[in-house]
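Worksheet: one structure, shown below.
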Amino acid sequence: MAFSSLYIGATGISALGDGMQVISNNLANVNTTGFKRSDTQFQTLISQQMATGSNPAGTSSTSVSQKGMGVTVGGVKTSFLQGGFDVTRTATDLAISGNGFFGVLDDDSGDMLYTRDGTFRFDKEGYLRSAQGYLVQGASIDRETGAVGSIAGIQLQLEEYTNAVGDTAEAVFSDPRATTGILLSTNLDSTASDRVTDSSDPFFAMFKNWNGLADNPMESATYTTSMKVFDENGASHDLTYYFDQVNTDSFSSSTPGYSYWEYVVGMDPDEDGRALFQGTSSAGLLSMGTLSFNKDGLLISQTAFGLSAAGADPTSLSNWSQAAFDAEGRVAFDVAFGGSGASASTGQTIGYSLGLISSNGTWGAGSASNASMVGASASSLQGMESKVRDIYGTTNYAAGSNTKIANQDGYTRGFLEEIYMGDNGTMFGSFSNGQDEGLFKVGVYRFNSEYGLRREGGNLFRETTESGKAIEGFAEEGGRGSIYGSSLEQSNVDMADQFVRMILNQRGYQSNTKVITTSDSILQTAISIKR
């Protein structure tokens, strides 16, 4: 019996010693980013059957008589409970809230490893790397279409450029975008006078007075407002809207209480790259039309005209026909920017809204098909069909002429200034041109059994046959958690819990040493009996 108790005490010391090692490792990593604690699972050793007397006749045994033979460590299991978050000041510090792991590639060995430690940084070549120098896995996003590619190492697309002092450097750029749409909202002073007149064509007096050969092609408009637009190369150009109220005494068929304005859209004639317009008095003239306001000052009708065909004389009013509509229902014009010794850029179409669009892209029945047919009668100004009024539309109040909104969707080339993360794992870039663009989606990996992962050191895990193959995907998909930027997951070690376990292990260890010393004393007594 004494020999058995010595052996059992030894198993207790061995198992509890292993348990203390696990607790020590947990406490040593209490501040390790993304660390997952381990829990020791103890189990009994095989028991010894005890010999007993036979049961009385007609009765059966109610229990099996066995003696325990000690304890062993059945396993050391990792706890993947969520740790708390530390907020940092680095956007590429990432933390997963919920299930999943970051994937990192050892590009020397080609091995894939997995971690909850999101301490990532970009290197000089634009690769996003872990603290060990491994490639963080994710998918690039097509910044034109938004399409997400396949998962690979995350790398910024660096481009060379020459800086202000002539040195060659590398940076990430946002490509320029040509302007395709404009929203202009103004208030046109209802008390204004008619400053540009023409007796035969009062609605197109500014067209007839436009002089693209002069330094200022239009000098007398009631109200003028300008805005910048961009060509396909990201170069900016000024567009100017000219407005002039039309005196109702100069035409017929006006609606009582209504106000009528003419407008033209123009640019610097020297920048007009359209060959047909160069050298003519119409150079720089892009579009023209009329606006009609009801007695409450609300825009209720608009006409717009553009040059009808290639080769047509732009100085003739009869060659300016009803403008086309773009896909958004805005009236549109074609322009090509050039001048200043530069070749004209590829022509582009720009749609604009002054407060009205057509949902079906058509003009109303009875509208003049070209500007010369309007003459001095308001009855031909039927405007758009299926009109949709913008809440920010142009108005006609006695409050002075002013521009309320002047927006356009183009922009120049921009430098990457800042990176930030979205909750769904999308890495965004903020650029100097005011654009925010999605760059990457960080990969998130799941396993059929994360408890089968093998620790590799450095806060890393490796897949095994027990864990199953890694299942790649993205945050907030398929049960995966969310990704937060400027955050790091803390260790999930609870110090109070570990100290309680340590005390229990210590007392258990002491008890087992007492078993050994007591068993030794019994053996000594048994030996002394022989003497």
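The values are calculated or read from the model by the stated rules, or taken from the named source; none is laboratory data. The structure presented is a predicted model; accordingly, all values stated were derived computationally and were not measured. Every residue, glycine among them, receives a Cβ derived from its backbone with ideal geometry; neighbour counts consider all protein chains shown.
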Pairs, first touching a residue at least 60 places away in the same chain (Cβ under 8 Å) and at positive phi in the range 88-101, second crowded, with 24+ Cβ neighbours inside 10 Å and part of a loop (DSSP other than H, G, I, E, B), C-beta under 8 Å, six or more apart: GLY100/ALA475
Pull up the range 169-219, narrow it to residues that are under 30 Å from the mean Cα position of the chain (by Cα), part of a strand (DSSP E or B) and not small (Gly, Ala, Ser), then point me to the one that is modelled with the lowest pLDDT. GLU170
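So, in the range 473-502, of the ones that are assigned to a loop (DSSP other than H, G, I, E, B) and acidic (Asp, Glu), which residue ends up farthest from the chain's Cα centre (by Cα)?
Just the residues of the range 473-502 that are assigned to a loop (DSSP other than H, G, I, E, B), to begin with: 475-481, 486, 490-494.
From what is left, the residues that are acidic (Asp, Glu) are 476-477, 494.
Working: GLU476: 14, GLU477: 16, ASP494: 36 Å.
Residue satisfying both the conditions and the ranking: ASP494.
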Residues in the range 372-390 that are surrounded by fewer than 16 Cβ atoms within 10 Å (Cβ to Cβ), in contact (Cβ under 8 Å) with a residue 60 or more places away in the chain and in a helix (DSSP H, G or I) total 1
Check on ASN319, at pLDDT below 95 and either closer than 30 Å to SER140 by Cα or assigned by TED's automatic domain parsing to the domain that holds ASP93 (or both): no
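What is the residue count in the range 270-284 for residues that are surrounded by fewer than 24 Cβ atoms within 10 Å (Cβ to Cβ) and in contact with a Gly (Cβ under 6 Å, 6 or more places away or on another chain)? Lay out the reasoning, then the answer.
Of all residues in the range 270-284, those surrounded by fewer than 24 Cβ atoms within 10 Å (Cβ to Cβ) come to 270-271, 273-281.
Next, only the ones that are in contact with a Gly (Cβ under 6 Å, 6 or more places away or on another chain) stay: 270-271, 273, 281.
Within the range 270-284, residues that are surrounded by fewer than 24 Cβ atoms within 10 Å (Cβ to Cβ) and in contact with a Gly (Cβ under 6 Å, 6 or more places away or on another chain) number 4.
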Output for the range 422-472, where each listed residue is over 15 Å from the mean Cα position of the chain (by Cα) and on the phi > 0 side of the Ramachandran plot: GLY457, GLY458, ASN459, GLY468
(1) over 37 Å from the mean Cα position of the chain (by Cα); (2) surrounded by fewer than 19 Cβ atoms within 10 Å (Cβ to Cβ); (3) at pLDDT below 95 all hold for TYR258 apart from (3)
Residues being buried (at least 22 other Cβ atoms within 10 Å of the Cβ) and over 16 Å from ILE300 (Cα atoms) - total across the range 349-371: 4
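To keep it simple, each residue is scored yes or no on (1) small (Gly, Ala, Ser); (2) under 22 Å from THR349 (Cα atoms); (3) outside the structural domain of ILE350 (by TED's automatic domain parsing).
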position	(1), (2), (3)
PHE207	no, yes, no
ALA221	yes, no, no
ASP231	no, yes, no
ALA235	yes, yes, no
ASP244	no, no, no
PHE251	no, no, no
GLY257	yes, no, no
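Just to be sure, is LEU239 crowded, with 23+ Cβ neighbours inside 10 Å and either assigned by TED's automatic domain parsing to the domain that holds GLY434 or under 39 Å from the mean Cα position of the chain (by Cα) (or both)?
Details: crowded, with 23+ Cβ neighbours inside 10 Å: yes; either assigned by TED's automatic domain parsing to the domain that holds GLY434 or under 39 Å from the mean Cα position of the chain (by Cα) (or both): yes.
Yes; evaluated as a whole, the condition is true for this residue.
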Subset of the range 505-531 that is touching a residue at least 24 places away in the same chain (Cβ under 8 Å) and farther than 27 Å from MET20 by Cβ - its residue that is surrounded by the fewest Cβ atoms within 10 Å (Cβ to Cβ): ALA526
Can you tell me which residue is nearest to GLN41 (Cα to Cα) among those in the range 448-473 that are touching a residue at least 40 places away in the same chain (Cβ under 8 Å) and hydrophobic (A, V, I, L, M, F, W, C)? LEU453
Within the range 391-424, tally of residues that are buried (at least 18 other Cβ atoms within 10 Å of the Cβ) and aliphatic (A, V, I, L, M): 3
Members of the range 7-54 that are within 27 Å of LEU523 (Cβ to Cβ), part of a loop (DSSP other than H, G, I, E, B) and free of Cβ contacts under 8 Å to residues at least 24 places away in the same chain: ILE46, SER47, MET50, ALA51, THR52
Whether any residue in the range 127-143 is among the charged types (D, E, K, R), more than 30 Å from ASN319 (Cα to Cα) and surrounded by 19 or more Cβ atoms within 10 Å (Cβ to Cβ) is what I want to check. yes
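One line per residue, one yes/no per condition, for (1) farther than 30 Å from ARG121 by Cβ; (2) touching a helix residue (DSSP H, G or I) at 6+ places or on another chain (Cβ under 6 Å); (3) at pLDDT below 95:
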position	(1), (2), (3)
PHE474	no, no, no
GLY479	no, no, yes
LEU488	no, no, no
ASP497	yes, no, yes
TYR509	yes, yes, yes
Determine which member of the set ALA205, ALA221, ALA192 is in contact with a Lys or Arg (Cβ under 8 Å, 6 or more places away or on another chain) and within 30 Å of SER253 (Cβ to Cβ). ALA221
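Please find, among SER467, SER482, SER486, SER491, the residue that is surrounded by 15 or more Cβ atoms within 10 Å (Cβ to Cβ), of a type in the set (S, T, N, Q) and more than 26 Å from THR90 (Cα to Cα).
Numbers: SER482 fails: more than 26 Å from THR90 (Cα to Cα); SER486 fails: more than 26 Å from THR90 (Cα to Cα); SER491 fails: more than 26 Å from THR90 (Cα to Cα).
After applying the criteria, what remains is SER467.
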